[in-house]
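Notes follow once the structure below has been shown.
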Amino acid sequence: MLRLPIKRALISALLANIFFTSALCFAKEPVNLAISKQQVVRYHDSGEYDKDIKNVVNDAMRYLKIRMTRPFPQDKKPAIVLDIDETSLSNYADMKRLDFGGTIQEIRADEDKGEDPVIKPTLKLYRFAKDNHITVFFITGRFEEERGTTENNLRKVGYDSWEKLILRDGEYRTKPAAVYKTAMRKQLSEQGYDIILNMGDQKSDLAGGYADKTFKLPNPYYLIP
Ligand SMILES: [Mg+2]
């Protein structure tokens, strides 16, 4: 006769064995990478991507309009935060040319050409904010040494001025995006800004607070944790 603890251990081992065996039986082959790439190209080229961006920005615009009807506290300056890549500027042509891969160096070289086209709905939101005396900040994962080309690119497509363009530098060069971007928003809040809206294409653009409301744009092309 087996003692009770041994019996329990044997039953646990048996159950674990059944679980892993069945998990292996039901393991499903992921979608083939080549098919996934075709799907994202179709999503872009069909106009669905643009439509989804437009819907999110329309929601953001509606929200801003409502906020404009309410008085702001005297000691707070209303501001919005915009991300750059896949939020204000599009890298789609470069991504497709690199077959949605490429080395860091190749991706950086493309960014540094300073020829990324505008994401039009975001430009419209930007102009609405500026027309209504809402301060605009750009916070990007690009590095400080990319400031010149990034500024030129933004101006070339219509983002003509901003309060601050914040790029990664110093201790934040190697920090996760969410940590860096949250710290930057915290600094702005401490300087008296009320970030009423924060818009980006990655969850890491939006996590961490220091914004009244966040808006997530679609991006099936890459992930920045
Ligand atoms: Mg982005």
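The values are calculated or read from the model by the stated rules, or taken from the named source; none is laboratory data. Because the structure is predicted, anything quoted here is derived from the model rather than measured. No Cβ is skipped: glycine too gets one built from the backbone with ideal geometry, and neighbour counts run over all protein chains shown.
I'm trying to understand the selection: among the residues of the range 124-142, which are crowded, with 18+ Cβ neighbours inside 10 Å and either among the hydrophobic types (A, V, I, L, M, F, W, C) or more than 15 Å from LEU167 (Cβ to Cβ) (or both)?
If the condition is that a residue be crowded, with 18+ Cβ neighbours inside 10 Å and either among the hydrophobic types (A, V, I, L, M, F, W, C) or more than 15 Å from LEU167 (Cβ to Cβ) (or both), then LEU125, TYR126, ALA129, ILE134, THR135, VAL136, PHE137, PHE138, ILE139 are the ones that fit.
Tally time: how many residues in the range 94-106 are free of Cβ contacts under 8 Å to residues at least 40 places away in the same chain and either in contact with a Phe, Trp or Tyr (Cβ under 9 Å, 6 or more places away or on another chain) or assigned to a strand (DSSP E or B) (or both)?
0
Can you find a residue in the range 40-52 that is away from the ligand (no atom under 16 Å from the Cβ), outside any helix (DSSP H, G or I) and at pLDDT 95 or above?
Yes: one or more hits.
Kindly establish whether ALA79 is assigned to a strand (DSSP E or B), closer than 25 Å to GLU190 by Cα and in contact (Cβ under 8 Å) with a residue 24 or more places away in the chain.
So ALA79 passes the test.
Please enumerate the residues belonging to the range 72-109 that are more than 16 Å from the ligand (Cβ to nearest atom) and closer than 30 Å to LYS213 by Cα.
PHE72, PRO73, GLN74, ASP75, LYS76, LYS77, PRO78, ALA79
Listed here are the residues, each with its yes/no results for (1) in contact with a helix residue (DSSP H, G or I) (Cβ under 8 Å, 6 or more places away or on another chain); (2) more than 16 Å from the ligand (Cβ to nearest atom).
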| site | (1), (2) |
| --- | --- |
| ILE139 | yes, no |
| PHE143 | yes, no |
| GLY148 | no, yes |
| ARG168 | yes, no |
| THR182 | no, no |
| TYR210 | yes, yes |
| THR214 | yes, no |
| TYR222 | yes, no |
